[in-house]
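Scroll down for the structure; my scribbles are underneath it.
No lab work stands behind these numbers, since they all come straight from the coordinates. A quick note: this is a predicted structure, and the numbers were derived from the prediction, not measured. Counting neighbours? That spans all protein chains shown, and the Cβs are built from the backbone with ideal geometry, glycine included.
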């Protein structure tokens, strides 16, 4: 008989679901983050022995600690010390958040819930808000309206609104949370969801989102092929055919989509900077900044303040009134190098290696591997990115890391915290 869901499990699921559900609404997502952080801090005050006894919990704490440590070390001689130190200290809440979620997982298991049941419930809780974004965006594409407001003439914005164009990059990166749990069900559900996501990502108009979804598509084809190269080519061809068909329709029917495609194709005519939305000067300036501050960078979130000192004369990103430049490097490796230096990048590479070892415990289970795929896509280095050390991205990364490591622990069939045995 399947045990009933205990109160601790409902609280856990509510917190995990609330984070992505509230992300589109300014800083509202801080509420579940801080609530889980308080739970983690209270557990830490009462006892610290054994709280990170399992390897999956240690990997989670390590990754979140590296996120904070790289920020803290970069703040020592930051160009904008107030901004860098406030950002660095704020990252500590994410460490407490991860610990709090781990505590709640342990309590749910201690109440008699089966690990497999909790694993699937967590996957569902994570997928539901992403499904809401998808449905809302489809409604906007059909009616012009969504929970985020009216349709902007430039591109599909969905629940995030026309003044916050994160739908394309984020929905595409988080799409494995919707797609991978469907691998165990009827293929028509998977196909329908995949095509719906494809339409929204294309119309959202973010080329970072297009690259993200291409990566997800390749990974999905590999999963469906089950090691067969012939099947892989078949699934890849089907995905490419679908993308080409929808892109052709979008190009003929949507003026904004046509403009985005034309701008992207401008790279083939030698207009690389046009294709990259004017980011070439940002990346050139970032390289100079990284060479000038190689050890620990200019400080997290200090990029815009250091930018004018390394920019070329006439750089379009420099504001002569505020003497600031581009907000961030728009590329994860360059951001880490410029803001946290070789030290910060090295810390993250070490953490990534440990996380890779940790992930192997859940990659064989479809819904459990989804957050790992999402993390890989979100941080894929050959793409443009949102600001890695912004409050928004910090929450997304901490949430995905927590989901991923919790799933590893649940696949092992034991509680997250030592001393909580069923």
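Observations
- Altogether, the Stokes-Einstein calculation at 4 °C and 1.567 mPa s, with the Kirkwood radius of the stretch 125-172 over Cα pairs as Rh, returns a diffusion coefficient of 124 µm²/s.
- Shown for the stretch 79-168 is the translational diffusion coefficient from the Stokes-Einstein equation, using the Kirkwood radius over Cα pairs, a temperature of 4 °C and a viscosity of 1.567 mPa s: 78 µm²/s.
- Comparing mean-square fluctuations of 28, 228, 75 from a GNM of the chain with C-alpha springs under 10 Å, the top value falls on 228.
- Length-normalised contact order of the chain in % [C-alpha pairs under 8 Å, at least 6 apart]: 24 percent
- Isotropically averaged projected area of the stretch 109-256, using the convex hull of Cα atoms (one quarter of hull area), nm²: 10.3 nm²
- Packing, as the average of other Cβ atoms within 10 Å across residues, places the peptides 32-41, 341-350 in the order 32-41, 341-350, highest first.
- Ordering 98-108, 366-376, 325-335, 309-319 by mean Cβ neighbour count within 10 Å, with the highest value first, yields 98-108, 366-376, 325-335, 309-319.
- Between 174, 89, 337, the residue with the greatest mean-square fluctuation in the GNM of the chain (Cα pairs under 10 Å linked by springs) is 89.
- Centre-to-centre, using Cα atoms only, the stretch 287-346 and the stretch 218-252 are separated by 38 Å.
- For the stretch 59-107, the relative contact order works out to 44 percent when only alpha carbon pairs closer than 8 Å and six or more residues apart are counted.
- Averaged over residues, the count of other Cβ atoms within 10 Å places the peptides 185-197, 12-24 in the sequence 12-24, 185-197, highest first.
- Extent along the principal axes, Cα only, for the stretch 26-112: 52, 29, 21 Å, with the longest axis given first.
- Translational diffusion coefficient (Stokes-Einstein; Kirkwood radius from C-alpha pairs) of the chain at 37 °C, 0.692 mPa s, in µm²/s: 146 µm²/s
- The Rg/Rh ratio of the stretch 306-422, with both radii computed over alpha carbons and Rh defined as the Kirkwood radius, is 1.12.
- Spin-label pair residue 132-residue 42: with each label point 7 Å from Cα along the Cα-Cβ axis, the two points sit 2.5 nm from one another.
- Cα convex hull of the stretch 119-206, projected area averaged across orientations, nm²: 5.4 nm²
- Residue among 399, 133, 283 with the largest mean-square fluctuation in a Gaussian network model of the chain, springs linking Cα atoms under 10 Å: 283
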